[in-house]
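One structure is given below, encoded as structure tokens.
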Amino acid sequence: FFKWAIWALQRSKIENYLNHCDSFSDILYAPNMLAHYAILAIAAVVGFTTAHVQISTRLICSTCPAIYWQLTRMCLTTTKTNESKASKPSTGKWNGLVTFYLGFYIVVGIILHVNFLPWT
């Protein structure tokens with residue numbers, strides 16, 4: 001993780017980096033995304049060391065869009081076609097697992113919340 005952060009800081013001086021990105025993964029690891037990953041890392045450290053699990057999950061899931069970007073990256077992949085240099089989106093191998101987890105989380109959360117049971 002720190003190796004990528006140092007690389008991102010070195011690359012942050014280069015202008016128009018996003019214009020040269022070939023894939024969604026390149027955009028996610030672009031130097032201007034470092035602030036989002038820093039917030040995620042700080043929230044995770046605070047959550048793991050000092051906060052209750054309900055507070056930490058609310059803090060991390062509500063303030064860090066990087067989590068949802070990574071879930072999207074896991075669900076979607078791009079395949080390059082031989083005929084052209086354009087990328088064709090396709091379904092990733094994690095799509096079913098991520099969709100099941102998010103659906104299960106939503107349904108169980110609704111059931112527990114309306115019954116006044118603790119749920120994050």
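FYI, it's all coordinate maths here, none of it is from the lab. These numbers were taken from a predicted model, which means no experiment stands behind them. Glycine also receives a Cβ, built like all others from the backbone with ideal geometry; neighbour counts cover every protein chain displayed.
Structural remarks
- Virtual paramagnetic centre 7 Å along Cα→Cβ of residue 117, amide N under 20 Å, in region 27-70: 53-55, 57-58
- Remark on residue 76: its backbone amide H falls under 5 Å from those of 92, a criterion applied only to residues 5 or more positions apart or on other chains, H modelled at 1.01 Å from N.
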